[in-house]
Amino acid sequence: MNLNELFNKLYNCSNESDVDNLISKHSEIFVQENWFPYGNNEWNLGVIGNQQENSVAALVEKLINSIDAILMRRCYEQGINPKSQQAPKSIEEAVETFFPNSSSWDLSTFRKKQAESIQIIADGPKMDTSLVIYDDGEGQHPENFETTFLSLLRGNKNEIPFVQGKYNMGGSGALVFCGKKRFQLLASKRYDRTGKFGFTLIRKHPFSESEKRKDTFYEFLKINGKIPSFEISELDLGLHNRKFKTGTIIKLYSYDLPSGSRSVISRDLNQSINEYLFQPALPIYTIDTKERYPDDTNLQRELFGLKRRLEAESSKKYVEDTFSININKKSVGEMHITCYVFNPLIEDKNAKESREAVQREFFKNNMAVLFSLNGQVHGHYTSEFITRSLKYPLFRDSLLIHVDCSKMEYDFRSELFMASRDRLKGGEESRRLRDLLASALKKSPLDELYKRRKEVIAVGANEANDLLKSFTRNLPLNNDLLKLLNQTFKLEEQKPKGESASKSSNHKRNVDIPFKPNRFPTSFKFDRKNDGETPIAQIPLGSERTLKFITDVENDYFDRTEDSGELQIALLDIQNNNSNGGKQPPVPRKIEELINVVRTSPHNGTIKVTLSPTRDAQVGDAIRLKVTLSSAGKEFDEIFWIKIVDKEGKIEKSVLKDESAEPMGLPQLIRVYKEQKEGCQTWNQLESQGITMNYETIMHPLAEGEKLETIFINMDSSVFKDYRSKLKGGEEQYNLAEKKYLSAVYFHTLFLYTISKNRNYGFIQAESNEPRELSDYLKDLFQSYYATFLLNFGAEQLIQSLE
């Protein structure tokens, strides 16, 4: 069998069983003497086996290598040394230089044409899928395989600023997901058509009976001491719209994809990869075959990142609101944060169906907060960040946050991400990042959006609170129970009777005037008077001030892919009123040396800029700033002074301690019915805010962080309806049953929540091994016959059963 025939037989194997059979059938070729350690190191398992935790994240590393290879090819074709000063300094600059018409990729026809350069093609049975990855990048000569494709930790790309790869290891991370025997076929030909077409097979070394060692290793095939190779002009390898001429092609046999990405590759794997490639430099094709899915009419779909999917016209039914925040902080650098708030109800779907649709489309990998570098996600938080750090439980399944870390300070960024580029490190920087992110988001339009959602489901609280006060006043709680409750809640109302009612009656509602934005701004100004000489704000050391600017541009102006703008803040001058008569210090070149800046995107006509002094700022500094909003063909400027003043008055520690120790009020009790009743909520009203309520639901506890805010009790639950149907005492007995149901559900929820919080219990569901919120656990507990037990088995019934 010649080498051309051997390659074709390997390439046509549909899964690892076929490869194993081929090796057994031609044992004279695959003798152990022809296998060599990957990376020239028999202890390579430590590097290869300790990379990405997720098979999709590992696959993304292959795609990043393909993007790098294409940029490298374009660089060579333009006669530029990739390591020279003439080479692009960033991935973004490389795309602009090597693909001057890249803006046309926003159109499907041009995007599809470019996507043919990188393809992922499915092969094999539906439940035992192999994947082919092709790119028409620089490729490699067979004699260079061992120093490029098959090397580890060589740092071949460290001196090339416009590519993503660094460590020469990411491409090997996918091996651990290639079936049980880790077969991977690798083939390549140099872009300039010099040299031969080379190929090799990679596998996990099979132990013989005579070998005694703790760990196996990875190895690759050579024949007669060389990478197998042969001459080609072109090969028909089943690529979309082209033959293979140059570049690289890899086949991953029996690749272990997650359940949500296993079916149609062009749809499900496409969506999953999009989450890891938030904004890739180049588009990619994902392709399935008619042999696998004969009834599917859309087997080729281009992939161009989650950002573009979220901005697409087809996604507008999912996304309710979008805004961004820009943080520029000394020692951290610049972070650009984009928030996408999803609609709790989509078209004709109920809340559960809407939530499932959003999760299926945008959260296949359970990543709620994405941290990216040059468009590739390097780490994430789950929705736990939304419920615990932000304390926005209503947004748990309807909020996606993207954090672009590309302009962070290198020293800070290097302490955040693992070399595998799929998760965050633990440590001081990670904790600081989490706190900084939570603080900025709580002061953003996100807080206003959350309050709006809470208002929708707050109806009926006053009537329910009267009932609650009656319960707490009349229930025979002993001292131990009162002590337990008082550790978390306050049982007495602190406000004088009637105070809140009088406030609400005198309050005049603001009438919302519809905001009609322009695609480009035509105005930009302060929301206050500015004479250009008097400081418009005094900012104490250790504090911050938020300035508001009024404009008329669309909310997504800073973040949209086409025709986007930006807000720039520059330091013009500094004057220090020091009393020493000394020489004035030099003006810092960068604003972040003196002022930390947090900037939000336009939101219904308002842009907020929050300023806080750094440690280098001094009391008495008068700082002149210029804020510039770009527009089509012009710019809008606002120039103003701010002044740094002494720290604000300190609050006594004892006061701070007392305030932080102040227990929260008892959670509100709100009754919920299927149909509308005065002063109560309906199932649909809760559904509209993402809370599922049906006949099986007993109650829904709404907790924000550590605080149990509200207990929604379903008055039309099957449990209560069945219990009430057995009563024969008329209206009086029905009313008594209702009070029993309300009090039993409310106070059992209250005490279970209180005890679990005080004892610091956490909850994990065994099936998924995922952490669960306490509120989810309690809701599930009541649905699982606990409420039936409470209603039907009081103390008397239990005593009778013992007799």
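Normalised radius of gyration for the stretch 658-769, please: alpha carbon Rg relative to 2.2 N^0.38 Å, two decimal places. Walk me through the numbers before you get to the answer.
On the way: Rg = 16.3 Å, N = 112, 2.2 N^0.38 = 13.2 Å.
The stretch 658-769 yields a ratio of 1.23.
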Give LYS407/LYS647; LYS349/LYS677; LYS329/LYS442 a once-over and call out the pairs whose C-alpha atoms are over 21 Å from each other.
LYS407/LYS647; LYS349/LYS677
At 7 Å along Cα-to-Cβ for each site, give me the label-to-label distance between LEU107 and SER523 in nm.
3.7
Treating the stretch 86-214 as a set of equal point scatterers at the Cα positions, no solvent, please give the Debye-formula log₁₀ I(q)/I(0) at q = 0.10, 0.13, 0.17 Å⁻¹.
-0.47, -0.78, -1.22
Semi-axes, largest first, in whole Å: what does sqrt of 5 times each Cα gyration tensor eigenvalue give for the stretch 13-116?
37, 20, 16
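Tell me, what % of the accessible area of the stretch 298-406 is carbon and sulfur with a 1.4 angstrom probe? Before the final figure, lay out each step's value.
Values: 1450 of 3620 Å².
Carbon and sulfur: 40 percent of the exposed surface of the stretch 298-406.
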Span per principal axis, largest first, for the Cα atoms of the stretch 189-228 (Å):
46, 19, 10
Determine the dipole magnitude for the stretch 1-155: charges of +1 sit on the beta-carbon of Lys and Arg, -1 on that of Asp and Glu, nothing else is charged, the reference point is the Cα centre, and the result goes in debye to the nearest 20.
420
Residue list for the stretch 273-314, given a label point 7 angstrom along the Cα-to-Cβ vector of ASP563 and an amide N cut-off under 16 Å:
312-313
So how much accessible area does ILE711 have, in Å² to the nearest 10, using a 1.4 Å probe?
0
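Could you order LEU666, LEU71 so the one with the most accessible surface comes first? Probe is 1.4 Å.
Details: LEU666 35, LEU71 0 Å².
If we order LEU666, LEU71 from most to least accessible, we get LEU666, LEU71.
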Sort out for me the Cα centre separation of the stretch 58-118 from the stretch 246-262, rounded to whole Å.
22
Ignoring ligands and nucleic acids, what accessible area does VAL645 show with a 1.4 Å probe (Å², nearest 10)?
30
Quick calc, the chain, dipole around Cα centre from Cβ unit charges on Lys, Arg (+) and Asp, Glu (-), nearest 20 debye, gives 840
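Could you sort VAL619, VAL719, VAL745 by their accessible area in this structure, using a 1.4 Å probe and putting the largest first?
On the way: VAL619 75, VAL719 35, VAL745 5 Å².
From most accessible down to least: VAL619, VAL719, VAL745.
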Taking the alpha-carbon centroid of each part, what is the distance from the stretch 679-711 to the stretch 169-228 in angstrom?
55
GLU42 and LEU727 label points (each 7 Å along its Cα→Cβ direction) are spaced in nm at 8.0
Anything in the chain that counts as a DSSP H helix reaching 20 Å or more along its axis (C-alpha) with Kyte-Doolittle mean of at least 0.0? List them, would you?
55-77
So with the 1.4 Å probe, I'd like the accessible area per residue for the chain, rounded to whole Å².
50
Tell me, what % of the accessible area of the stretch 695-786 is carbon and sulfur with a 1.4 angstrom probe?
47
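All other residues with a Cβ under 13 Å from the Cβ of GLY333 taken together, and with Lys, Arg as +1 and Asp, Glu as -1, what is their net charge? Provide the component values of the computation, followed by the final result.
Details: positive: LYS329, LYS330, LYS407, ARG413, ARG432, LYS590; negative: GLU334, ASP404, GLU409, ASP411, GLU415, GLU429, GLU592, GLU593.
Neighbourhood net charge equals -2.
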One finds the C-alpha centres of the stretch 607-640 and the stretch 1-47 to be spaced, in Å, by 63
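Taking the Cβ of GLY198 as the center, what net charge do the other residues with Cβ under 10 Å away carry, scoring Lys and Arg +1 and Asp and Glu -1? Numbers along the way, then the final one.
Numbers: positive: LYS189, ARG190, LYS196, LYS226; negative: GLU143.
Result for the local shell: +3.
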Around PHE230, under 12 Å between beta carbons, what's the net of Lys plus Arg minus Asp minus Glu among the other residues?
+1
Area of HIS380 that stays accessible when all protein chains are in place (1.4 Å probe, Å², to 10):
60
P(r) for the chain, please, calculated from all Cα pair distances in 10 Å bins and given in %.
2, 11, 18, 20, 18, 14, 10, 5, 1, 0
Protein accessible area in the stretch 209-297, 1.4 Å probe - carbon and sulfur %:
43
What are the residues whose amide H is under 5 Å from the amide H of ASN44, where those residues sit 5 or more places off or on another chain and H is modelled from the backbone?
TYR218
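Given a Förster radius of 51 Å and the C-beta distance between MET1 and GLU77 as r, what FRET efficiency does 1/(1 + (r/R0)^6) yield to the nearest 0.05? Write down the numbers at each step before the final one.
Working: r = 36 Å, r/R0 = 0.71.
Efficiency, from the Cβ-Cβ distance: 0.90.
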HN-Hα couplings for the stretch 27-41 via Karplus (6.51, -1.76, 1.60; θ = phi - 60°), in whole Hz with x for Gly/Pro, come out as 5, 5, 7, 9, 5, 4, 5, 8, 10, 10, x, 4, x, 6, 8
Go through LYS181/LYS245; LYS454/LYS707; LYS307/LYS443 and tell me which ones have a Cα-Cα distance over 21 Å in this structure.
LYS181/LYS245; LYS307/LYS443
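The values are calculated or read from the model by the stated rules, or taken from the named source; none is laboratory data. Keep in mind it's a predicted model, so treat the numbers as computed, not measured. Note that each Cβ is placed from the backbone with ideal geometry, even for glycine, and that neighbours are counted across all protein chains shown. Areas reflect the complete protein model, heavy atoms only, side chains present, ligands, DNA and RNA absent. Shrake-Rupley method; radii C 1.70, N 1.55, O 1.52, S 1.80 Å.
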